[in-house]
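Engineer: Before I ask anything, let me first share the structure, which is written out below as structure tokens.
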Amino acid sequence: MKHSGSFPLPLPPPPLPTPPVPPAEIALALFLAAIGATLQGSVGFGLAVVSAPILLLLHPAWVPGPMLLAALLLVVLIAHRDRAHILRGDVALGTLGRLMGTLPAAYALRMLPATVYDLIFAAIVLFGVLLSVSGWHITRTPLNVVFAGTLSGIAGTISSIGGPPIALVYQHEKGPRVRSTMSAIFTVGTFISIGGLWWAGRFGMVELCLGLLLMPAVLVGFAFSRRTALWLDGRQIRPAILAIAALSAILILARAWLNLR
């Protein structure tokens, strides 16, 4: 018996969103995420500093949303591992600053064209590198923690690299205290930044899929960091990480300049 026209067959479900990058770039992204997670789990930083500038050169879809989502998993794991050393009062202050920095950064992202975004991203990366090598000592006071959190919110939301301003405040603290407190601040702050990106139209299903895709590599890197943290010398590897970030930022600046001409 034939169906009448009053009961049309259901439409097929819409296709799932697919990452807008080729498999070779996905493989490179996973490799960078694993290396960066190993470094961050060992010496306190490295995931976004190593990965974000290179991935932005390859494809803009990776930054900042997917990188922030992948970093969220890592900072949760590190904060839980070293939770006994967390400075809880600083977490509240740093989170307040992160919120204040995220709001203007998210508003700016709504207005920025791609080329201008590349210029600002590269400038933030280079600024973070300069902060990391400057040797400046900032006393850990409540006001400085809030101010550093604000700068971290701006830089983290725009570039996913929000570590250098916070790291300046804790550069003379012991390793477990640095890793745990920074990771606890970033755990809450990353949720805030992702919310700001969603409001700015820079975080949707594609960014969610790409961020989830990076998470297995982050887990591998975190597992390795349990061993490498015992022997990895942060003073030796720190210049190499910063040099990679600076070179990538210079290449991004050059590309943005050429696109403006």
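The values are calculated or read from the model by the stated rules, or taken from the named source; none is laboratory data. Just so it is clear, the model here is predicted, and its values are computed rather than measured. Heads up, the Cβs are rebuilt from the backbone with ideal geometry, glycines too, and the neighbour counts pull from every protein chain shown. Each accessible area value is taken on the protein alone, full model and side chains, heavy atoms only, with ligands, DNA and RNA left out. Shrake-Rupley method; radii C 1.70, N 1.55, O 1.52, S 1.80 Å.
Engineer: For region 71-203, report the translational diffusion coefficient in µm²/s to the nearest whole number, using Stokes-Einstein at 37 °C, 0.692 mPa s, and a Kirkwood Rh over Cα pairs.
Structural biologist: My calculation gives 224 µm²/s for D.
Engineer: Let me ask something additional. Taking +1 at the Cβ of each Lys and Arg and -1 at the Cβ of each Asp and Glu, which of Val49, Gly101, Ser134 sits farthest along the dipole of region 47-153 towards its positive end, judged by Cα position relative to the Cα centre?
Structural biologist: Of Val49, Gly101, Ser134, it is Gly101.
Engineer: Met205 to Arg226: FRET efficiency via 1/(1 + (r/R0)^6), r the Cβ-Cβ distance, R0 41 Å, to the nearest 0.05?
Structural biologist: Working from the Cβ atoms, E equals 0.80.
Engineer: Then there's this: Could you work out the helix-only [θ] at 222 nm for the chain, with each DSSP H run of four or more residues adding -39,500 (n - 2.57) and the total divided by the number of residues, to the nearest 500 deg cm²/dmol?
Structural biologist: Mean residue ellipticity, 222 nm, calculated: -26000 deg cm²/dmol.
Engineer: Tell me the angle of helix 88-111 to the major Cα principal axis of the chain, expressed in degrees between 0 and 90 and rounded to the nearest ten.
Structural biologist: 50 degrees
Engineer: Just to be sure I understand the model, the point goes 7 Å from the Cα along the line to the Cβ. What's the resulting Leu219 to Asn144 distance in nm?
Structural biologist: Using points 7 Å along Cα→Cβ, the separation is 3.9 nm.
Engineer: Mind putting a number on the dipole of the chain about its Cα centre? Charges go on the C-beta only, +1 for Lys and Arg and -1 for Asp and Glu, and I need it in Debye to the nearest 20.
Structural biologist: Roughly 300 debye, rounded to the nearest 20.
Engineer: In square angstrom, what is the accessible area per residue of the chain with a 1.4 angstrom probe?
Structural biologist: 51 Å²
Engineer: Would you please state which residues of region 185-217 a label at Ala92 would reach in this model, taking the label point 7 Å out along Cα→Cβ and a backbone N cut-off of under 15 Å?
Structural biologist: Under cut-off, by backbone N: 185.
Engineer: Something else about it: So, R0 is 41 Å and r is the distance between the beta-carbons of His80 and Leu258; what FRET efficiency does that work out to, to 0.05?
Structural biologist: Between His80 and Leu258 the formula returns 0.40.
Engineer: Show me, for region 210-225, the HN-Hα J-couplings you get by feeding each phi into the Karplus relation (A = 6.51, B = -1.76, C = 1.60, θ = phi - 60°), rounded to Hz, glycine and proline as x.
Structural biologist: Karplus-based 3J(HN,Hα) across region 210-225 equals 5, x, 5, 5, 7, 5, x, 5, 5, 4, 4, x, 5, 4, 5, 5 Hz.
Engineer: Kindly give Rg over Rh for the chain, based on alpha-carbon atoms, with the Kirkwood expression for the hydrodynamic radius.
Structural biologist: Value, to two decimals: 1.05.
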